[in-house]
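Have a look at the structure below before the remarks.
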Protein chains: 2
Amino acid sequence: MSPKITTELLKQLRQVMKSPKYVQEPVQAYIVPSGDAHQSEYIAPCDCRRAFISGFDGSAGTAIITEQHAAMWTDGRYFLQAAHQMDNNWTLMKMGLKDTPTQEDWLVSVLPEGSKVGVDPFIIPADQWKRMSKALRSAGHDLVPVQENLIDTIWTDCPQRPCKPLITLDLSYTGVSWRDKIAALRSKMAERKVLWFVVTALDEVAWLFNLRGSDVEYNPVFFAYAIIGMNTIRLFIDGDRMMDPAVREHLQLDSTLEPEFKIQVLPYGSILSELQAVGAGLSPKEKVWLSDKASYALTEAIPKAFRYLTPYTPICIAKAVKNSSETEGMRRAHIKDAVALCELFNWLEKEVVPKGTVTEIIAADKAEEFRSQQKDFVELSFATISSTGPNGAIIHYKPVPETNRTLSVNEIYLLDSGAQYKDGTTDVTRTMHFGTPSAYEKECFTYVLKGHIAVSAAIFPNGTKGHLLDSFARSALWDCGLDYLHGTGHGVGSFLNVHEGPCGISYKTFADEPLEAGMIVSDEPGYYEDGSFGIRIENVVLVIPAETKYNFKNRGSLTFEPLTLVPIQTKMIDVDLLTQKECNWVNDYHQKCREVIGAELERQGRHEALRWLIRETEPLSRVE
Amino acid sequence: MSPKITTELLKQLRQVMKSPKYVQEPVQAYIVPSGDAHQSEYIAPCDCRRAFISGFDGSAGTAIITEQHAAMWTDGRYFLQAAHQMDNNWTLMKMGLKDTPTQEDWLVSVLPEGSKVGVDPFIIPADQWKRMSKALRSAGHDLVPVQENLIDTIWTDCPQRPCKPLITLDLSYTGVSWRDKIAALRSKMAERKVLWFVVTALDEVAWLFNLRGSDVEYNPVFFAYAIIGMNTIRLFIDGDRMMDPAVREHLQLDSTLEPEFKIQVLPYGSILSELQAVGAGLSPKEKVWLSDKASYALTEAIPKAFRYLTPYTPICIAKAVKNSSETEGMRRAHIKDAVALCELFNWLEKEVVPKGTVTEIIAADKAEEFRSQQKDFVELSFATISSTGPNGAIIHYKPVPETNRTLSVNEIYLLDSGAQYKDGTTDVTRTMHFGTPSAYEKECFTYVLKGHIAVSAAIFPNGTKGHLLDSFARSALWDCGLDYLHGTGHGVGSFLNVHEGPCGISYKTFADEPLEAGMIVSDEPGYYEDGSFGIRIENVVLVIPAETKYNFKNRGSLTFEPLTLVPIQTKMIDVDLLTQKECNWVNDYHQKCREVIGAELERQGRHEALRWLIRETEPLSRVE
C-alpha cells in the first residue's frame, strides 16, 4: 500500500481557502471531518472527502489543513493504516495518547493571531462546532461556516450521491409498525413538551419508517431526513423510489388516512428551508427536538431559545432495545452466519494447510460466498478484516492487493466479518492458527479469551452503563502489562448499522445510556503486536435478565447471552491459564454451538462443515 | 434522633424571600447549597446553613425552599440519616435513583411561570450556577444572586467565623518549601499563558504555604484566599495569627526577599474587591486561572474573556501526588493509627463480650483516646462512624445519645474512623463481630472483602483513571445480586482533608484525573441492609509502580500498596468463597500487619494489644 501523493491537492485546497469565490474572507485553516450531513460513520463515496484529500480511508478521522500544515486525528484502530496511507505532507495525531494535542489546542499552537478556521456547516455536528468555536474564540480565532464544501470544489471527479431503491420491512421483521413507532415518538415528545422532532441520522429514518436502502455500502440506509410534528409527518427523500408501489403501499401514501399519519414527501434538499420555516413559525415555549450531534447548519435553523437538544434521540433509545421479532430475527441471522463460517474455516483448513494458496482476499471473498448462500442475505455489514501475521495488528485492516498476504501454517489469522440479512446484522471475529501456535501466542490469546468471558458472563445491576464493564475485559491482560487500544463493544443494529448507539462498552466514558434487556452489543477484546500478529475474539451478545441469589433494592440483574455461535479455536487456548469457571464457560458455549449450529448444518446438508464443528467443539479439560 | 421542627424557620425564610430589604424582587425559590465560600466539604458551624434550615447535617446535600415546598437532595450514604433528621415539611430527593428529578427539573415542575430562584453567589460554584441558570432560563425562569445570605438573616444565634492559630510545617513534613511550590505553580501558569492564579479552596491555600489551621473541625485548614501573580503573592487572611513569630518566620514576612516571593497580607474580606481590581486592570490576552468550582461571585469578578477555568487546579493535581517526605509521613501516621486500633479492638473484646457495657459513643471515644496517645496526634480526620447492628446500614452514621446502641455479641460492629497526625491523615474501616456471625453475614462480608482485594491487588496501565477500577470492587457482590450505593474510594490528603481530588474510584464518572504513582486513595467497598447491618472494609492505599511480565507500549503499570495495616477479622470470612489468590492476599497482608505493627506495639510496650494482633493475623487456610 503506497501513500496517496497529496502535494498538488493540498496546493489547490490552500488556493480555494483564500479564494473570494468560495470564502468571504480567507480561512487560515480548513477542517475536513469524517462524516456526512447525517453524521454517519459509514459514508457514500461522494462523502469520502477526508479520504480524497489525505489518502487515509479508515472509518474515523478528522483532517485539518492550514497554510503550513496538514494533520490527521485518528484513534488506535487506525494508527498503522493512516501512517501507511498518507504521504509526508501529513502529520498523524494519535488520539488517546498522552502527548497528542486536541484539534483545538493544535490549531491554537500553529495559527497566526486572529485566524479564521473554516468548516462545512452541514458536516460538522453542532456539539463539535460549539466546543471548537468556544476554544478558538477564547484564543482569539474564529470558527466560520463555509457554505460551499471546499473539498468538493477541487474534487473534479466526485461521484454522484446514490439514490437506490428501497426495501420495505413487514411486521414479522420489525415487530412494530411505523405508525405505532410514530405514535410512541409523539408520546415521548408530549412528555418533554416538544412540538417537533427532526430525524437527521440515516438509521433513525430507516428504523422509524421500517424501510431499508442501499445508498451507503454495508449500512442498509438511504439518504433522507424527516420532520415529525404532532399532526404532520414530512419525509425528505429524492429520486423516483417513492414511485415504487410496494413503498407507496407500505407508507400508505395513496390511502385515506387519519391526517396525523399522512406522510408528506419532499425533496431531500429542501430540509433546511422547511426547517427554517418551522423555526420561524414557533410561538414562545414551543420547542424543536434535535440530536446534539445534528449538523450545525440544521441546528442553527432553529433559534436557540426553541431548541431542545439531547445526546440521544428517543428513536435512538427505542431502536436499541430490540423487541422479540427483532431478537428472533437476530438469532436466525446469527445461526446462518455461523453456518457460513463453519464452512469457511473447514474450507480454509483444507486449503491452507496442504496447499498454501489462500490469500487474505481469497479468504474474505470465500467468506462472502458462503454467507451469500444463506437465506435473506443482503450484503456484508462492513468491509471484511481478513488479516494474517503482522497485518492482524492493523486493527481495522482491509486487505488490498498491495498488502495481501498468503495464509500459512506459521502465522495467526484474524477474521473480523459480518453480514446484513433481512432478519438481522452480524459481526464476529475469530482468531485461528492453522499450524502450531507458539506458547506466547497462546498465552496472549488466552488473556483475550479471559477478558471476553469476563464481560460475557458478567452479572450487573439493571441501570448499569456499559462503560463500567470495560475493565473486566482488560483485567487479565493488565495483570501481565498488556492492553489494547480500542473499546470493548458497540451497539449492533437489527438489519441496520453494525455500529449504533446509545450503548457500548468502552473505557472512553462517552455519555452511554444504561444497558437494558433487549439491547445488543459486541464483546470484542483483543491484543495486537505491531509487526507480528493480532488477536481478537468477538461475539455479538444480547442483554438478558439474570437470575441471582439475592436482589438488592429489587433492582434486578442483567447478563449477556451470546448470539454469535462460532467455535473459539481451542488449539489457541492455554488451558492452564483458565479458571474452572472459565473452562466451563468455553465448554458450555461450545456445547451450544454444537446443538444449535450443528442442527442447522445438518438441516442444510453441510456434513463436512458439521464434522469440523464437532471436532472444534470438543470439551476442554483442565488439570487442577 | 428526632427530626428538627422547621415550620417556623421556613415561614421566616419565606418572608425574607419576599422582603425588599434583602431581595430586589421576591424570589419564588431559594437554594441552600452544602458548601461554604470555598466549596469545602467539611464546613465551620457558621457555614452550616443547610443543617440549620433543615436539621439534616450530613456532609452532602442541597436544600431548595419554594413558597410551597422544601426539598433536600442527598446521595445514598445519607438517605436514612436525612429521613430521620428532617420533619414533614421536607421532601427527600434520593440522588442516584432513577425516578429522582434533578434540582433543575424539579424546580421547573413546581415553579409558577417566570419565577426567580435566589442563591448566595459566594456559596454556589460557578459551574453549578452555569448549569442551573441555563436550565432555568430555558424554562422561562431566572437564577438570581442574592447578595445577603437569607439563612443568615433568620439565624439569630449564628456562631462566629473561627480564626484559630496556624501551624507551620517544615521541610521534613512537606518535602518542598512554599517558595518552590509557588515557583512550580508559576511555571504551570507560564505554560498555560496565564498571569494570575486565584487560590480559593482552603486545602490548596494550606498546602501551598505549608501551613495548617483548625478553623474547620477535622480538616486542618484556615479561612484564607490567595492571588498569585508572576511577581506578586497576596494572601487574604484575618486575625492576629499573622503576628505569630513562627508564622512570620516561616513565611519570611520580615526578611529581605526577592520581590516575587514577598507575601502581601490582606484582610480575608477584601478578596472580591482585590480580584475585581485585578480583573479591571487586564490587557487583552491576559488570563486569570480559577477553578471552575470557584464561587460564582469570584468568577464573575473576572470578565468572561479573561477567565481560564479548569476542573482541577495545578495545585490540586500537584498536591495529590505525594513526595517521599509525605509518603513516609503517611506510613508513620498509619502505623500509629494501627497501634491505636489494635488497642481499641483488644479493649472492645475484653469489655463487650463479658460485660456488654460499651455503647457506640463509648467505643468512638475510646478510639479517640487511643489515637490521642500517639505522637503528633492533632485531631480526628472526620466524625467517627461507630455503629452496631442496624445503625451500620446508615452509611455515614454518627452516634448521638438518641441513637446510641450498645455493642453486643449478637450484632455486627462497623467502625469507620481516622485521625490527623502532623505527619499524615488516616481513614480506616473495620467490620467486626464479637460473637458468632451468621453464615449470611459471613457471606456478605466475604463478597465485600473480595471486592476490596480486587481493587487493592489490581494491576493497571499508567494513565488509567480510577473510575475504571470501580467495577472490580462490585463484581463479587453483583454476581449474587448485591451492590452498595456509594463510590469505592476517594483521594486522601497528607495532614490535610480526608477527602480530596482529583482522583477517586467511583461508578460516577466525574472528571477524575488519571492515577499516578504517589497518589493516595481509599479502597472501601461495602454492603448494607437497611434495618439489619452494615459492612465496609476500608484501607488507605498508595499508588505504586507494578512489576509486570510484559510492558505494552512501554506504558508501565501501577498497583496499590496498603498503607493501612489493621487486621481484617478472619472470623467474618467464609474461606470457601475465596480463591487461592485472594486467600494468599489476606495472609500476606496479615503477615505485614504482624511485622510492621507488631514491631511498633513491641516498641511502645503494648504487649496485650500485640497478643491480640498475633491472634488476629493467624493465616487462613483453604481446603481445595
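We did not get these values from a lab; they are worked out from the coordinates using the rules stated. Here the structure is a predicted model, which means the values were calculated and not measured. Note: ideal-geometry Cβ built from the backbone for every residue, glycine included; neighbour counts use all protein chains shown.
Some points to look at:
- Helix B:178-191 axis, angle to chain B major axis (alpha carbon atoms, nearest 10°): 60 degrees
- Chain lengthening between B:THR436 and B:SER324 when straightened (0.36 nm per residue, less Cα-Cα): 36.0 nm
- Crossing angle, helix A:324-355 versus chain A [Cα axis fit, 0-90 degrees, rounded to tens]: 60 degrees
- Peptide B:135-146 - average C-beta neighbours from other chains (10 Å radius): 1
- A Cβ-based charge dipole, computed about the Cα centre of region B:176-237 with Lys and Arg at +1 and Asp and Glu at -1, lands at about 380 debye.
- For region B:6-154, with +1 on Lys and Arg beta carbons and -1 on Asp and Glu, the positive-most of B:VAL117, B:MET17, B:ALA82 along the dipole: B:VAL117
- Working note: Karplus 6.51/-1.76/1.60 with θ = phi - 60° gives region B:547-564 the couplings 7, 10, 5, 10, 8, 4, 6, 6, 6, x, 10, 10, 8, 10, 10, x, 8, 5 Hz, where Gly and Pro are set to x.
- The residues neighbouring A:ASP142, those whose beta-carbon lies less than 12 Å from its own, together hold a net charge of +1 under the Lys/Arg +1, Asp/Glu -1 convention.
- Applying both filters, DSSP loop and at most 12 other Cβ atoms within 10 Å, to the GluC sites (Glu not before Pro) of region B:528-559 gives B:GLU547.
- Tensor-based shape of region A:138-269 (alpha-carbon gyration tensor, a/c under 1.5 rounded, otherwise prolate or oblate): oblate
- Note on region B:6-154: with charges restricted to the Cβ of Lys and Arg (+1) and Asp and Glu (-1), its dipole about the Cα centre is near 200 debye.
- Unit charges at the beta carbon, dipole of the protein assembly as shown: most positive-side option, B:ALA517, A:GLY493, B:SER621: A:GLY493
- Each of A:ASP170 and B:ASN584 was given a label point 7 Å from its Cα along the Cα-to-Cβ line. The distance between the two points is 6.3 nm.
- Cα-Cα over 22 Å, subset of B:LYS319/B:LYS422; A:LYS581/B:LYS465; A:LYS287/B:LYS304; A:LYS508/B:LYS553; A:LYS181/B:LYS508; A:LYS322/B:LYS508: A:LYS581/B:LYS465; A:LYS287/B:LYS304; A:LYS181/B:LYS508; A:LYS322/B:LYS508
- Shown here for region B:556-614: chymotrypsin sites (Phe, Trp or Tyr not before Pro) in loop regions (DSSP other than H, G, I, E, B) with at most 13 other Cβ atoms within 10 Å, of which there are none.
- Cα-projected label distance for B:SER283 with B:VAL265, points at 7 Å along beta-carbon direction, nm: 3.4 nm
- Contour excess over end-to-end distance, with Cα ends at B:GLN252 and B:ALA517 and 0.36 nm allotted per residue: 92.1 nm
- For region A:6-154, averaging the sequence separation of C-alpha pairs within contact (under 8 Å, six or more residues apart) and dividing by the residue count gives a relative contact order of 26 percent.
- Partners for B:LYS18 among lysines (Cα-Cα distance below 21 Å; same-chain residues under 8 apart left out): B:LYS116
- Extending 7 Å from the Cα toward the beta-carbon at both A:ASP157 and B:ASN88 defines two label points whose distance is 8.3 nm.
- Placing a label point 7 Å from the Cα of A:VAL353 along the Cα-to-Cβ direction, the residues of region A:544-577 whose backbone N falls under 14 Å from that point are A:570-572.
- Virtual paramagnetic centre 7 Å along Cα→Cβ of B:ASP180, amide N under 15 Å, in region B:195-235: B:208-210
- Percent RCO, i.e. relative contact order, over chain B, from Cα pairs under 8 Å lying at least 6 residues apart: 11 percent
- Ranking B:ALA201, B:TYR173, B:PRO314 by Cα position along the charge dipole of region B:167-319, where only Lys, Arg, Asp and Glu carry charges on their C-beta atoms, puts B:PRO314 farthest toward the positive end.
- In a simple Cβ point-charge model (Lys, Arg +1; Asp, Glu -1; nothing else charged), the protein assembly as shown has a dipole of about 1420 debye relative to its Cα centre.
- Per-peptide average of other Cβ atoms within 10 Å, ordering A:455-461, A:231-237 highest first: A:455-461, A:231-237
- The sum of -39500 (n - 2.57) across all DSSP H runs of n ≥ 4, divided by the residue count of chain A, sets its helix-only mean residue ellipticity at 222 nm to -10000 deg cm²/dmol.
- Principal-axis analysis of the Cα atoms of chain B puts helix B:580-592 at an angle of about 80° to the longest axis.
- ³J(HN,Hα) computed for each position of region B:393-406 - Karplus, 6.51 cos²θ - 1.76 cosθ + 1.60, integer Hz, glycine/proline x: 7, 8, 4, 10, 5, 10, x, 10, x, 5, 10, 4, 9, 8
- Taken residue by residue and averaged, Cβ atoms of other chains lying within 10 Å of the Cβ of A:548-555 number 6.
- If you take all other residues with their beta carbon under 9 Å from the beta carbon of A:LYS465, and give Lys and Arg +1 and Asp and Glu -1, the sum is -2.
- Karplus-derived 3J(HN,Hα), 6.51/-1.76/1.60, for each residue of region A:432-439, Hz, glycine and proline x: 10, 10, 9, x, 10, x, 6, 4
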